[in-house]
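Scroll down for the structure; my scribbles are underneath it.
The values are calculated or read from the model by the stated rules, or taken from the named source; none is laboratory data. On a predicted model such as this, the values are computed, not experimentally measured, just so you know. Positions of Cβ are generated from backbone atoms using ideal geometry, with glycine treated the same way; all protein chains shown enter the neighbour counts. Only protein heavy atoms, including side chains, enter the accessible area calculation; ligands, DNA and RNA are left aside. Shrake-Rupley method; radii C 1.70, N 1.55, O 1.52, S 1.80 Å.
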Amino acid sequence: QVQLVESGGGFVQPGGSVRLSCVASGRSISSDAMGWFRQAPGKEREFVGGISWSGGRIVYADSVKGRFTISRDNAKNMVYLQMNSLKPEDTAVYYCAARSRNGVSTKQYEYLYWGQGTQVTVSS
């Protein structure tokens with residue numbers, strides 16, 4: 001019903017910044033809470049941050065608070081993840097997800113639609 005495509009990943013040095021984008025197609029996501037998740041090598045997928053349908057509530061994992069910022073532009077059907085002060089442990093495949101409900105959830109199983117992910121590698 002909805003397709004999500006992430007972009008903006010790549011190689012970045014520690015302390016650097018990168019902005020990930022997620023564009024949705026198929027239908028409007030203006031009523032969907034959106035989430036960002038990541039999966040590092042050898043680890044399970046984990047919650048990074050989420051944003052409610054209106055942008056009125058935003059939540060982050062403790063590991064990224066103060067460094068990452070989620071925003072959305074419903075007119076463009078897009079969600080963003082600004083990543084600053086990157087650390088090697090931020091290296092992961094980053095996924096955009098749509099919940100198909102209004103409120104933010106930190107649980108990956110509550111998100112119905114997923115992108116294919118974009119690789120972010122933080123290394124010298």
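Each label point was placed 7 Å from the Cα along the Cα-to-Cβ direction; for VAL5 and GLN119 their separation is 2.0 nm. When MET78, MET34 are compared by accessible area at a 1.4 angstrom probe, the order from most to least is MET78, MET34. With a 1.4 Å probe and all protein chains left in place, how much of the accessible area of region 1-116 comes from carbon and sulfur atoms, in whole percent? About 47 percent, which is the carbon plus sulfur part of the accessible surface. Distance from the C-alpha centroid of region 65-105 to that of region 4-43: 6 Å, rounded to the whole angstrom. For region 77-117, the per residue solvent-accessible surface stands at 47 Å², with DNA, RNA and ligands left out and a 1.4 Å probe. Can you tell me how much longer the chain between ARG57 and SER31 gets when fully stretched, taken as 0.36 nm per residue apart minus their C-alpha distance, in nm with one decimal? Taking 0.36 nm per residue and subtracting the Cα distance, the gain is 8.0 nm.
To the nearest 10, the accessible area of ARG38 is 10 Å² with a 1.4 Å probe. Each Lys or Arg adds one and each Asp or Glu takes one away; over the other residues whose Cβ falls under 15 Å from the Cβ of GLY35, this sums to +3. The stretch between GLU89 and LYS43, if pulled fully straight at 0.36 nm per residue, gains 15.4 nm over its current Cα-Cα span. Applied to region 46-53, the Karplus parametrisation 6.51 cos²θ - 1.76 cosθ + 1.60 on θ = phi - 60° returns per-residue 3J(HN,Hα) values of 10, 6, 9, x, x, 9, 5, 4 Hz, with x for Gly and Pro. Over region 39-124, Cα pairs under 8 Å with separation of 6+ residues give a relative contact order of 29 percent.
Taking amide H as placed 1.01 Å from N in the peptide plane, the amide H of VAL48 sits under 5 Å from that of TRP36, PHE37, ARG38, each at least 5 places away or on another chain.
Amide H contacts for GLY117 (H built 1.01 Å from N in the peptide plane; partners 5 or more residues away or on another chain; cut-off under 5 Å): GLU6, CYS96.
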